[in-house]
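Chemist: Structure in structure tokens, see below.
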Amino acid sequence: MKHLVVYAHPNPESLNHAILETTVNALKNNGHEVIVRDLYALNFKPVFTPEDTAAMKAGQTPKDIQTEQEFITQADAITFIYPIWWTGLPAILKGYVDRVFSYGYAYAYGEEGIMRMLTGKKGLIINTHGHPKEYYDEIGMTSGLKITSDTGIFEFVGIEPVEHLLFGNIGSLHEESYKGVLKEVEEKIHSLFPQQALIK
């Protein structure tokens, strides 16, 4: 399978970056093709401007958007890795969704309603947050985060959510617990995307 990993965290020494490395290594070890789009490293422009809208209406999609859409088109599976900030996506990733998952590319409206134009792809989301997971579970935030991302983004454009991992208490755990997070990520990748058969 061809995997696209969209990563949004500014610190290369963060747990998110370790999760990224773990994810990529597990996929490659299972014989999958992997492309990573590190939005901070790319200095991706998150603001959807009137100029973007005008260009798209004229059939001239801006080059940076077109590049990201090509990666999505080629992918069989898309993974988002990002921290939960203010109970949502980091601005750079929200801007990526705003600009790249655009009308006419990722979705459209027809006579029978919404046309989901990325159908056939699988989606995985991996998040970290500072609050205890039990607290987010109790107040409904965990389910809210899953609805807004799994349903509101992936399912809206036809991507099938296969898993959404949320790790809480980040910043307050012991070293062994962080290793446990990475182990869980690795095991989940192996479970969702097992070894690819060699083509002879």
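The values are calculated or read from the model by the stated rules, or taken from the named source; none is laboratory data. Keep in mind the model is a prediction, meaning the values are calculated, not measured. No Cβ is skipped: glycine too gets one built from the backbone with ideal geometry, and neighbour counts run over all protein chains shown.
Chemist: I need the full set of residues from segment 69-115 which are surrounded by fewer than 21 Cβ atoms within 10 Å (Cβ to Cβ), charged (D, E, K, R) and closer than 21 Å to residue 10 by Cβ, in order please.
Modeler: Those that are surrounded by fewer than 21 Cβ atoms within 10 Å (Cβ to Cβ), charged (D, E, K, R) and closer than 21 Å to residue 10 by Cβ: 94, 98.
Chemist: I need a count of the residues in segment 66-90 that are assigned to a strand (DSSP E or B), under 12 Å from the mean Cα position of the chain (by Cα) and over 16 Å from residue 154 (Cα atoms).
Modeler: Of the residues in that region, 1 qualify.
Chemist: Under 7 Å between Cβ atoms, at least 6 apart or on separate chains: pull out the pairs that start in segment 104-118 with a residue that is among the charged types (D, E, K, R) and end on any residue that is surrounded by 12 or more Cβ atoms within 10 Å (Cβ to Cβ) and part of a loop (DSSP other than H, G, I, E, B).
Modeler: Here the result reads 116/158, each pair linking segment 104-118 to a residue that is surrounded by 12 or more Cβ atoms within 10 Å (Cβ to Cβ) and part of a loop (DSSP other than H, G, I, E, B).
Chemist: Further question on the same structure: Out of 130, 123, I need the residue that is out of contact with any Pro (no Cβ under 7 Å at 6 or more places or on another chain) and either surrounded by 19 or more Cβ atoms within 10 Å (Cβ to Cβ) or under 23 Å from residue 164 (Cα atoms) (or both). Which one?
Modeler: 130
Chemist: Please go through segment 17-59 and pick out each residue that is farther than 25 Å from residue 91 by Cα and of a type in the set (Lys, Arg).
Modeler: Residue satisfying the conditions is 28 alone.
Chemist: If you check 183, 146, 133, which single one turns out to be modelled with pLDDT under 95 and under 21 Å from the mean Cα position of the chain (by Cα)?
Modeler: 133
Chemist: Could you name every one of the helices (runs of 4 or more DSSP H) located completely within segment 91-181 that has at least 3 residues being under 26 Å from residue 74 (Cα atoms)?
Modeler: Correct list: 91-100.
Chemist: Of the numbered conditions (1) without any contact (Cβ under 8 Å) to a residue 60 or more places away in the chain; (2) on the phi < 0 side of the Ramachandran plot, residue 80 satisfies every one except a single condition; which is it?
Modeler: Against the list (1) without any contact (Cβ under 8 Å) to a residue 60 or more places away in the chain; (2) on the phi < 0 side of the Ramachandran plot, residue 80 comes up short only on (1).
Chemist: Go through segment 1-49 and give me each residue that's within 15 Å of the chain's Cα centre (by Cα) and among the basic types (Lys, Arg).
Modeler: 2, 37
Chemist: Also: Inside segment 171-187, can you point out the residues that are of a type in the set (Lys, Arg) and either more than 16 Å from residue 17 (Cβ to Cβ) or touching a Pro at 6+ places or on another chain (Cβ under 8 Å) (or both)?
Modeler: The one that is of a type in the set (Lys, Arg) and either more than 16 Å from residue 17 (Cβ to Cβ) or touching a Pro at 6+ places or on another chain (Cβ under 8 Å) (or both): 183.
Chemist: Ok, one more. Quick check: anything in segment 50-64 in contact with a Lys or Arg (Cβ under 8 Å, 6 or more places away or on another chain) and either assigned to a strand (DSSP E or B) or of a type in the set (Phe, Trp, Tyr) (or both)?
Modeler: No, every residue in segment 50-64 fails to be in contact with a Lys or Arg (Cβ under 8 Å, 6 or more places away or on another chain) and either assigned to a strand (DSSP E or B) or of a type in the set (Phe, Trp, Tyr) (or both).
Chemist: Now a separate question. Taking residue 44 and the conditions (1) aromatic (Phe, Trp, Tyr); (2) without any contact (Cβ under 8 Å) to a residue 60 or more places away in the chain; (3) in a helix (DSSP H, G or I), which numbered condition does it fall short on, given that it satisfies the others?
Modeler: Of the numbered conditions (1) aromatic (Phe, Trp, Tyr); (2) without any contact (Cβ under 8 Å) to a residue 60 or more places away in the chain; (3) in a helix (DSSP H, G or I), the odd one out for residue 44 is (3).
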